[in-house]
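To start, the structure under review is shown below, and the notes come after it.
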Amino acid sequence: MTRPDAIAPRGVAEGAGRWQRTGRYFARKGWVHLILLAGVGLFMFPFVWMVGMSLKTDDEVVSSDIFPAIPTFHAASPSVRAAPPVPPPPEGVTSKRWSDLYKQLVGAGETALAKRPLPPGGDLVNAAALRASAAAKLVDDVAIPMSGKIWPQGDAAVLDTYSKKLSDDVTDAALENRLSRFELGGVEIHSLGNEIKTICPGNQIYKVWTVESGPGQLLPAGKDASHLKYRFKSGWDDPIVLRYEFESPIDADQLHKLIIAYKGDDSWHQVDATLDIGDTHWKTGLTTYIAQYRAATLTLQPYGFDDTTYQPKTWVPLEPFTEGSWQNGDPHKAVLRLIIRPSGTLGAIYGKVERNYLRAFRTIPFWTYVGNSVLLVALQMFGALFSASFVAYAFARLQWPGRSLAFGLLLATMMVPSQVTLIPGFVIWRSLGWYNTLNPLWIASWFGSAFFIFLMVQFMKTIPKELEEAARIDGLNAVQTWWYIIVPLVKPTLAAIAIMVFMGAWNDFMGPLIMLRDQSRFPLSLGLFGMSVDQAADTTLVMAGNMLMTVPVIIIFFLFQRYFIEGVTVSGMKG
Amino acid sequence: MHLEPHRRSVTGRVRSGDPDDSTVRTGSLKRTLPVSRLRPARRGQIPLWMMLTLFGVLIVIISVWTWESTRPETADGRETIVFWNAKDFGTEVYAVIHKFEIENPQYKVVVGSTVSRDLAADGQRLLCAVAGNVPPDLVLFDRYAIGEWAGRDALTNLDPYLDKQDPKDPYYIDRKNYYDWAMQEATYKPPGSSRTPGLYGIPTGIDIRLLYSNTNELRQKDIAKPPTTWDQLRADAKLLKILNPDGTIKQLGFAPNFGNSWLYIYAFQAGGHFLNELERTVNGRTYPPRTLVTMDGPEVVRALRFMTDVYDDAGGVKEVEKFQSGFQSDSLDPFIRGQIAMKIDGDWGLQTIATWNRDLNFEITPAPMPDDLVAKGVPPITWAGGGSMIIPSTAKNKAGAFKLMQYMLSPATYRFLHEGDRQSMESQGQLYLPRPVSDRRVLKEATEKYITHNDKIPGPFKRAYVVINKMLDQTYIRPPSPVGQLLWNKHIDAMNDALAHEDWTGKTDRYKNDQIREILARNQIDVQRRLDEIVEPPPPHVVGWGIYFAAYGLLVASPFVALVMAVRRGRKYKTYRAGQSAVAMLFLSPWLIGMICLTAGPILFSVVLSFTRYDVIGAARYVGFDNYRHLLGESLFFKSLGNTAYMLLRVPLTMAVSLGIAMLLNQKVKAIGAYRTIFYMPTIVPLVAASLLWLELLNDNHGLINVLIRSIETTPPARWIEALVNSVHTFPPDHPFRFTTPGWLVDAAWCKPSMILMALWAAGGGMIIWLAGLQSIPTQLYEAATVDGANSWKQFLHVTLPMLSPYILFNAIMGVIGTMQIFNEAYIIFPNGGANNSGLFYAYYLFEQAFQFFNMGYASAMAWVLFLIVLLLTLIQLYASKKWVNYDQT
């Protein structure tokens, strides 16, 4: 092979030479890098998408965006929601005609909307933008469901029929629909005696709640709710504090939960709350971010029996707090405060990143699962390392009759598929009474896996005999020789085995599926699968859980990459 | 112990610092190490005694922990009641259970996730728990599975508990309050036996099938009211069908199996039964009730014929499926959008409408009936299923479970649960529609409170509840039978087979009916065989394990006897030192114990099992070669084998991809480490996580791959590909190839390609081995080839491939073995085998047989067949490898 750089003229300036060399390198190998980078894109994209999915809101999943949107500071509410996308043409309408007709329909809608007053809070928004968005919504709601017989009759007839359908009810509903507001839909209290009491219906809130401080104002919203009109100057502006004084129907110690129905405005502002009933004072232990335009509930719940179960914890914990508290005498006098703190762009991003992960942690007993997984990994790793190195010593270093025969037997068992011993295994563990314990999942590793023993034997055979002989002369017995002489020398193989055991144990799915009953004993693999079954509709939550299971493995991979590669190569060569 | 002084002597010697610089050559370490570096570690090595002590402590901790975790009581002395599927009772079920615990302080209720997608169809989790002797104490699950489970003695007969109740008990369960047919569905007696039937579950919820009609769509075609007879239904469906210009379906009037109707409803309506209701004599053999599968009876044939006719009217089931694959859910629900004008669906469809378009103008009516029966005045018939609460037969705390059951089923509890659900729905701005329940009092009260006297409920929903209440008196059930699940599966298989029938143009009615009868008869064979097995007295010979244990003991002892003899003789000839043999046995002991108890023993046990019928709960009985014989006669066995064989495609594909990557990386490029890491990363993603990720990636609507395809679907390149494919291959003129989104995981044809795609993503794992192989090829070979004038392709063919051949062989063998055992990803991605069982791979089917149907003998036979297949494939590869593998490496 010729080396072009070897005949390059010398004496060129140092920097230029480097650039030239780089250029030449890319001229020769650039195509390799191009293909490899394309491959990297292909192989990495599912990962990137998984990360993106784990950060999405439900709306973003439904709208099939590839990546989640980056939230920004949301200064004022109400605001105008973007117009819905153009629907596909109805039956009998060509797409060419539709693009024109759609504009006309929107125009007709805007004409009808112009006659109507804006809903409360509409003064904060650009009226034209609101009407345009509402007009698009009207096409979706009113025009598309029109009878199929109308469409072929010509634009004038279509527009005529459409305009007749635009009653005041319909247009007002469209205006309200396109106005993104933070709506409050009522407060209910559940007692520990299982009574459900509505303490404030949504359409009363703007009358009886007060704005204690901050740039906000409570206004009615539709028939059943009230909404908060606000304008923050920046992400560091003072929070809005809403105050509601009421007569609690129950004693403080009888409170199970207090539920506030609300509808978000996708602002990612933060909501905290305090609650005082009589002389008991609570504040929320978690901050809720106002995400999405959807109806949702803010459930405030002091520590109680629900916290001892494995149910998804969808509530916000109330923590007792005494600081600055007062005695008010009346045990049923209650004060609820909602503190709405603005999120700047960074705060909003943080809220969005945190949201699904926090939910994943609170949906499953995550740390219990992790604990079980770690325990299984530790026990299996310990057992496999011990048994592989211990047993291999007999095969590799000791002389005994029948050794080659036994070694053949060991290799033969590697050929038997695991399915053969699956059923007898279940029968054995069950007759020991070990169903629903972790034992069946790790015990076998303590008695040696044929493959690991085989790997270890191959490696041990390469260690010079002289060392042992020297140790024997020093008076070490066989076990000591194994422990002090052999084990330190087989560390590379031990590391490779440890990695393989870790991957096997962390991944084990069928074992727990068959052998475990109680959620308290699930490892992460089965627990995560359980979450994907129980919360099947909640894609973003499942993807966040997926990330939580994958990230530890990736971290370990980066830390011990060498041993991963070595393990694969060793098993590939020797197997 | 003498260990202590020895240890000191060693460390002492090492500490003295012996300047020994002599070196030894270590075999394949391929480098010389100074012996001093091979010396025992000075620091960092835990002393042996400490290690042994830790070991002992660990064993004690584990023993205590095992004992603790297998006790039925909690630490505070309360008895536990483990309650599965409680969440199906609604959002407030935990509050109810808490109240129960306060009223009954001796109990602690543990509510857990079952991790089961469908406890009835996939009862694996529950059956394992029952067989494991630690079942949950109380389970809410599908009523129709009661026959199946009671038939396996997995359930407790509740009659004695009901009879023992005190009538004054506020939580008294009165049989009279329940719909009779619901109670019948929970009642079981072994078919053909004269035992009194027992009640094995208390019915809870109901799901009932009704005809949904989109009134707006019907009006557009001037159809005044929803059809009441089959002929009207067919005529209306034809009227409501709209085609696209290219002949595909744009809107459908009715699809018989869209929604949740199945063949059952049409068969019931035609007067058919799937099991004989009366004693019958066939070929001289008398069958008591429910022991003969009558799926091929004329009424069922008629029902299935009706279904095929309606599909044929719509352009064939393929066309309809293609149309349905574009369906979405929620607000884009096809019924709400009018894509399908009529459907027969369960009552839960009402909630979908209420959630996504409560103003929809629709109507609920009883499903249409055959015309001749309507003329005769037969009232409309529907079928219903639902839930029930059961107590497993081996439950530890049956008394507590029954108490909790009474509590859960009381009207007060229902009232609270309904109110909680209402609150939760309404706070999200949605309508609350209570689901029907089997307890008449509760249903009446809830209907009146939440529907009849609720102004918020729109008219169509109010009318729907009237129809539901009326139809609950005309309801059929699937017969409780020990083969209920199999019958259900097979009825679906038969239905799918019949709907995908050959081209029938120009065929007579009689021919069509005969074809359908033949399909039904073919699919009922397995069911009848299972039923016969159950009805006939069990095989007479119970396996006596004693003799096997004795024989196995002898077998295990013999090598040790031989060993002792060999050592004795060896001592004479000074071959072996007895001491070293004893030491060797000490070192071997973990493996020996494992080999005897966990490997060889189970293997032999499995051999014996494969000749028996065994369900873990009862005794094993010899059946000779029956299991193997049945395997050869079973369609699913071959289907799963075929699926697995298809997946073998992934072996060469992944090998090619990973070799390609390795060759690129072998180009002496920069940043090779980073590339290697990235390509390797997909293999380390835990399989559960990877499967769930691909489940989303391949999702029809929001999956990344379909989103990308959809974004280029309308661009010119897509047209070019279409034109190219259509020019290469001639498709039927009405169905040209279209570049569009495939139904990756829902379309039977795409299931396996999806799995291969997933495997390709993880192809980087093989790359490492290839890279090692490539780097071991001496460069002289390439230089010589260059001198000989070989271009790079020839070099690849004549140098690289032969030098890599041992690696190819290794990867091929491992790949084939791995492919034959695919389980986890298939289990996660394809519940119950996937569409048309196209995701049912061999190991998956084996798992189903073993842990879902508990046919342990049969599954063991399958395991041995798998072993033989793997062995055969490996031997073939090894044999063939003699021709192409080059071991002449260095």
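Checked against the criteria, A:Phe321 does not count as surrounded by fewer than 21 Cβ atoms within 10 Å (Cβ to Cβ), within 34 Å of the chain's Cα centre (by Cα) and facing chain B (nearest Cβ under 10 Å). Quick one: in region A:139-161, which of the residues that are in contact with a Leu (Cβ under 8 Å, 6 or more places away or on another chain) and within 22 Å of B:Asn214 (Cα to Cα) is most open to solvent (accessible area, probe 1.4 Å)? Out of the qualifying residues, it is A:Val142.
Criterion applied to B:Ala759, B:Ala784, B:Ala723, B:Ala718 was being part of a helix (DSSP H, G or I), free of Cβ contacts under 8 Å to residues at least 60 places away in the same chain and open to solvent by less than 40 Å² (accessible area, probe 1.4 Å), and the one residue passing it is B:Ala718. Scan region A:479-493 and give yes if some residue there is within 23 Å of B:Met856 (Cβ to Cβ), within 7 Å of chain B (Cβ to nearest Cβ), crowded, with 21+ Cβ neighbours inside 10 Å and in contact (Cβ under 8 Å) with a residue 24 or more places away in the chain, otherwise no. The answer is no, given that none of the residues of region A:479-493 is within 23 Å of B:Met856 (Cβ to Cβ), within 7 Å of chain B (Cβ to nearest Cβ), crowded, with 21+ Cβ neighbours inside 10 Å and in contact (Cβ under 8 Å) with a residue 24 or more places away in the chain. For region A:174-192, check the following and say yes or no: at least one residue is under 19 Å from A:Ala261 (Cβ atoms), out of contact with any Lys or Arg (no Cβ under 9 Å at 6 or more places or on another chain) and within 11 Å of chain B (Cβ to nearest Cβ). Within region A:174-192, one or more residues are under 19 Å from A:Ala261 (Cβ atoms), out of contact with any Lys or Arg (no Cβ under 9 Å at 6 or more places or on another chain) and within 11 Å of chain B (Cβ to nearest Cβ). Restricting attention to region A:106-127, the residues that are part of a helix (DSSP H, G or I) and touching a strand residue (DSSP E or B) at 6+ places or on another chain (Cβ under 8 Å) add up to 2.
Of the residues B:Gly839, B:Gly789, the single one that is open to solvent by 10 Å² or more (accessible area, probe 1.4 Å), assigned to a loop (DSSP other than H, G, I, E, B), more than 9 Å from every other protein chain (Cβ to nearest Cβ) and farther than 18 Å from B:Thr654 by Cα is B:Gly789.
Within region A:502-522, residues that are within 8 Å of chain B (Cβ to nearest Cβ) reach partners that are among the hydroxyl-bearing types (Ser, Thr, Tyr) and open to solvent by less than 10 Å² (accessible area, probe 1.4 Å) with beta carbons closer than 7 Å, at six or more positions or on different chains, in the pairs A:Trp506/A:Ser373; A:Asn507/A:Ser525; A:Phe509/A:Ser525; A:Met515/A:Tyr435; A:Phe522/A:Tyr369. The single condition among (1) touching a His at 6+ places or on another chain (Cβ under 9 Å); (2) closer than 30 Å to A:Ser77 by Cα that A:Pro302 does not satisfy is (2).
Anything in region B:329-351 that is touching a helix residue (DSSP H, G or I) at 6+ places or on another chain (Cβ under 9 Å) and either part of a loop (DSSP other than H, G, I, E, B) or at pLDDT below 85 (or both)? List them, or say none. If the condition is that a residue be touching a helix residue (DSSP H, G or I) at 6+ places or on another chain (Cβ under 9 Å) and either part of a loop (DSSP other than H, G, I, E, B) or at pLDDT below 85 (or both), then B:Ser329, B:Asp330, B:Ser331, B:Leu332, B:Asp333, B:Pro334, B:Phe335, B:Ile336, B:Arg337, B:Gly338, B:Gln339, B:Asp347 are the ones that fit. Looking across region A:355-376, the residues that are assigned to a helix (DSSP H, G or I) and either touching a Ser or Thr at 6+ places or on another chain (Cβ under 9 Å) or polar (S, T, N, Q) (or both) come down to A:Arg355, A:Asn356, A:Tyr357, A:Arg359, A:Ala360, A:Arg362, A:Thr363, A:Thr368, A:Tyr369, A:Asn372, A:Ser373. The set of residues in region A:262-307 that are in contact (Cβ under 8 Å) with a residue 40 or more places away in the chain, touching a strand residue (DSSP E or B) at 6+ places or on another chain (Cβ under 8 Å), among the charged types (D, E, K, R) and away from every other protein chain (no Cβ under 14 Å) comprises A:Asp265, A:Asp266, A:Asp272, A:Asp276.
Of the residues that make up region B:727-741, is at least one assigned to a helix (DSSP H, G or I), away from chain A (no Cβ under 13 Å) and in contact with a Lys or Arg (Cβ under 8 Å, 6 or more places away or on another chain)? Checked region B:727-741: no residue is assigned to a helix (DSSP H, G or I), away from chain A (no Cβ under 13 Å) and in contact with a Lys or Arg (Cβ under 8 Å, 6 or more places away or on another chain).
Candidates in region B:104-134 are the residues that are in contact with a Leu (Cβ under 7 Å, 6 or more places away or on another chain) and under 25 Å from B:Gln184 (Cβ atoms); of these, the one that is surrounded by the most Cβ atoms within 10 Å (Cβ to Cβ) is B:Leu126. In region A:523-533, which residue that is of a type in the set (A, V, I, L, M, F, W, C) and within 7 Å of chain B (Cβ to nearest Cβ) is surrounded by the most Cβ atoms within 10 Å (Cβ to Cβ)? Residue satisfying both the conditions and the ranking: A:Leu528.
Candidates A:Ser77, A:Ser99, A:Ser95: the one that is loosely packed, with under 13 Cβ neighbours inside 10 Å, at pLDDT 85 or above and either more than 21 Å from A:Glu176 (Cβ to Cβ) or in contact with a Lys or Arg (Cβ under 9 Å, 6 or more places away or on another chain) (or both) is A:Ser99. When region B:219-244 is limited to residues that are part of a helix (DSSP H, G or I) and basic (Lys, Arg), the one that is farthest from B:Ala255 (Cα to Cα) turns out to be B:Arg219. Taking the numbered list (1) facing chain A (nearest Cβ under 10 Å); (2) within 20 Å of A:Ser520 (Cα to Cα); (3) not hydrophobic (A, V, I, L, M, F, W, C) in turn, B:Thr91 passes all entries but (2). Exactly one residue out of B:Phe867, B:Phe810 is open to solvent by 10 Å² or more (accessible area, probe 1.4 Å), more than 19 Å from the chain's Cα centre (by Cα) and touching a residue at least 12 places away in the same chain (Cβ under 8 Å), and it is B:Phe810. Picking from residues in region B:377-436 that are outside any loop (DSSP other than H, G, I, E, B), among the polar types (S, T, N, Q) and within 14 Å of another protein chain (Cβ to nearest Cβ), the one that is surrounded by the fewest Cβ atoms within 10 Å (Cβ to Cβ) is B:Ser424.
Each row is one residue, and each column tells you yes or no for (1) among the hydrophobic types (A, V, I, L, M, F, W, C); (2) within 14 Å of chain A (Cβ to nearest Cβ); (3) farther than 28 Å from B:Lys639 by Cα.
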| residue | (1), (2), (3) |
| --- | --- |
| B:Pro686 | no, yes, yes |
| B:Gly703 | no, yes, yes |
| B:Ala718 | yes, no, yes |
| B:Glu722 | no, no, yes |
| B:Cys751 | yes, no, no |
| B:Met755 | yes, no, no |
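One residue stands out among those in region A:35-70 that are within 8 Å of chain B (Cβ to nearest Cβ) and of a type in the set (Phe, Trp, Tyr): the one that is farthest from A:Met543 (Cα to Cα), which is A:Phe43.
For region A:344-385, residues that are open to solvent by 40 Å² or more (accessible area, probe 1.4 Å) and closer than 16 Å to A:Ser445 by Cα total 6.
Among the candidates B:Ile519, B:Ile547, the residue that is surrounded by 12 or more Cβ atoms within 10 Å (Cβ to Cβ), assigned to a helix (DSSP H, G or I) and β-branched (Val, Ile, Thr) is uniquely B:Ile519.
Each row is one residue, and each column tells you yes or no for (1) open to solvent by 10 Å² or more (accessible area, probe 1.4 Å); (2) free of Cβ contacts under 8 Å to residues at least 60 places away in the same chain.
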| site | (1), (2) |
| --- | --- |
| B:Gly253 | no, no |
| B:Gly259 | yes, no |
| B:Gln269 | no, no |
| B:Leu275 | no, no |
| B:Met295 | no, no |
| B:Val300 | no, no |
| B:Asp313 | yes, no |
| B:Val317 | yes, no |
| B:Gly326 | yes, yes |
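The values are calculated or read from the model by the stated rules, or taken from the named source; none is laboratory data. Quick caveat: nothing in here was measured; it's all calculated off a predicted structure. When we count neighbours, we look across all protein chains shown, and the Cβ atoms used for this are built from the backbone with ideal geometry, even at glycine. The area values use the complete protein model at the heavy-atom level, side chains included, leaving out ligands, DNA and RNA. Shrake-Rupley method; radii C 1.70, N 1.55, O 1.52, S 1.80 Å.
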